[in-house]
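> Can you read through this structure? Questions will come right after.
What follows is calculated from the coordinates using simple rules that are stated; it is not laboratory data. What you see is a predicted model, and the numbers here were worked out from it, not measured in a lab. Positions of Cβ are generated from backbone atoms using ideal geometry, with glycine treated the same way; all protein chains shown enter the neighbour counts.
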Amino acid sequence: MAELPIAPVTRIVRNAGAERVSEDASQELARLLEAYGDKIARKAVSLARHAGRRTVKREDLIEAAE
């Protein structure tokens, strides 16, 4: 099960135009968002370490997401 709270994930789908969102859909989107976030975070950590830093900066995340 995803660690992200379901209410904000449901809100994302509603803000995208959905009138109703099933619990399963919200849970699946939360799982997907966590997987994508984990992938970006791992790459950002690698970029920070490569730059000789222990702190992940905004630019690391931006570059990792590209």
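> Excluding Asp38 itself, calculate the net charge of residues whose Cβ lies under 13 Å from the Cβ of Asp38, where each Lys or Arg counts +1 and each Asp or Glu counts -1.
+2
> Quick one, which of (1) 1.14; (2) 1.07; (3) 0.94 is the actual Rg/Rh (Cα atoms, Kirkwood Rh) calculated for this model?
For Rg/Rh (Cα atoms, Kirkwood Rh), the calculated option is (1).
> How large is ³J(HN,Hα) for each residue in segment 11-23, as worked out from phi by the Karplus curve 6.51 cos²θ - 1.76 cosθ + 1.60 (θ = phi - 60°), to whole Hz, x for Gly and Pro?
4, 4, 5, 5, 5, 7, x, 6, 7, 9, 9, 6, 4
> Which peptide among 31-42, 16-27 comes first, and what is the full order, when sorted by highest mean count of other Cβ atoms within 10 Å?
The packing order, highest mean first, is 31-42, 16-27.
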